[in-house]
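Following: one structure in structure tokens, then a few remarks.
The values are calculated or read from the model by the stated rules, or taken from the named source; none is laboratory data. The structure displayed is predicted, hence computed values, not measured ones. Heads up, the Cβs are rebuilt from the backbone with ideal geometry, glycines too, and the neighbour counts pull from every protein chain shown. Note: accessible area is taken over every heavy atom of the protein model, side chains too, but ligands, DNA and RNA are not part of it. Shrake-Rupley method; radii C 1.70, N 1.55, O 1.52, S 1.80 Å.
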Amino acid sequence: TNCNAHTVTFQNTSSTNTADNYLWEFGDGFNKASTDPTENFTHTFNNSHPHDTIYSMRMIATSPYECKDTATSSVTVNPYFSANYALASVAGCSPFTINVTNNSVGDTATYFWRLFDGTITTTIRTVGGTNFSYLLPVNTSNVDKVYTLTLDLRNSTACQQTVVKTIT
């Protein structure tokens, strides 16, 4: 799985070092030139589309006599998505209802919501990426209760993002 953004390290594995110029074309509009045959490059591919994107790369080696040889490869980057949500209020008197607005975008497939009170984790079931309200348990102590609400979002290719916010 090549989750978005996907970073790849490229290494020149040419069998001879007769070239003196190397042009790396990453297929996404970015290029890198080098004169060092042993130099490695790291490049990050981003996919802003709702589907897999295939980037075709080339490394063009040029000799002092303008002879050229090309090596090719490709990288597939999974669809863009971003996990995020908003709480209408993060503090209140018990009993307190949290109102959650799901602001996740992109290739979103599975939502896992967890509410943790320091001792017990409660799984909150929702249908897809809908907004929801949840009544927190009544706090019978004289101490403020602190909760964390966690969203684990997975897309269709099993890439995952997590967002955690605190509620008192």
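Taking (1) over 24 Å from Asn4 (Cα atoms); (2) modelled with pLDDT of 85 or more; (3) open to solvent by less than 80 Å² (accessible area, probe 1.4 Å); (4) not small (Gly, Ala, Ser) in turn, Leu135 satisfies each apart from (3).
If you check Phe45 against the conditions, is it touching a strand residue (DSSP E or B) at 6+ places or on another chain (Cβ under 9 Å) and at pLDDT 90 or above?
yes
Please enumerate the residues belonging to segment 15-32 that are surrounded by 14 or more Cβ atoms within 10 Å (Cβ to Cβ) and either small (Gly, Ala, Ser) or touching a residue at least 60 places away in the same chain (Cβ under 8 Å) (or both). Once the filter is applied, which keeps residues that are surrounded by 14 or more Cβ atoms within 10 Å (Cβ to Cβ) and either small (Gly, Ala, Ser) or touching a residue at least 60 places away in the same chain (Cβ under 8 Å) (or both), segment 15-32 yields Ala19, Gly27. On the stretch given as segment 110-139, residues that are closer than 18 Å to Ala91 by Cβ, among the polar types (S, T, N, Q) and in a loop (DSSP other than H, G, I, E, B) total 1.
Could you tell me whether any residue of segment 33-47 is touching a Gly at 6+ places or on another chain (Cβ under 8 Å), open to solvent by 40 Å² or more (accessible area, probe 1.4 Å) and closer than 17 Å to Val75 by Cα?
no
Looking for something in contact (Cβ under 8 Å) with a residue 24 or more places away in the chain and surrounded by fewer than 12 Cβ atoms within 10 Å (Cβ to Cβ) - is there at least one such residue anywhere in segment 72-91? Yes. Checked against (1) small (Gly, Ala, Ser); (2) surrounded by 15 or more Cβ atoms within 10 Å (Cβ to Cβ); (3) over 15 Å from the mean Cα position of the chain (by Cα), Ser104 passes all but condition (3). Can you confirm whether segment 84-91 contains a residue that is more than 30 Å from Thr126 (Cβ to Cβ) and either basic (Lys, Arg) or not in a loop (DSSP other than H, G, I, E, B) (or both)? Checked against the condition, which is being more than 30 Å from Thr126 (Cβ to Cβ) and either basic (Lys, Arg) or not in a loop (DSSP other than H, G, I, E, B) (or both), segment 84-91 yields no hits at all. Evaluate the following for Asp69: is it at pLDDT below 85, touching a strand residue (DSSP E or B) at 6+ places or on another chain (Cβ under 7 Å) and either within 30 Å of Ala19 (Cβ to Cβ) or surrounded by 15 or more Cβ atoms within 10 Å (Cβ to Cβ) (or both)? Criteria not met by Asp69.
Against the conditions (1) within 15 Å of Ile167 (Cβ to Cβ); (2) open to solvent by less than 80 Å² (accessible area, probe 1.4 Å); (3) without any contact (Cβ under 8 Å) to a residue 40 or more places away in the chain, Asp144 satisfies every one except (2).
Report yes if some residue within segment 53-62 is farther than 30 Å from Ala109 by Cα, without any contact (Cβ under 8 Å) to a residue 12 or more places away in the chain and small (Gly, Ala, Ser); otherwise report no. Scanning segment 53-62 turns up no residue that is farther than 30 Å from Ala109 by Cα, without any contact (Cβ under 8 Å) to a residue 12 or more places away in the chain and small (Gly, Ala, Ser).
Evaluated against (1) in contact with a strand residue (DSSP E or B) (Cβ under 9 Å, 6 or more places away or on another chain); (2) over 19 Å from Leu153 (Cβ atoms); (3) open to solvent by 40 Å² or more (accessible area, probe 1.4 Å), Thr130 falls short on exactly one condition, (2).
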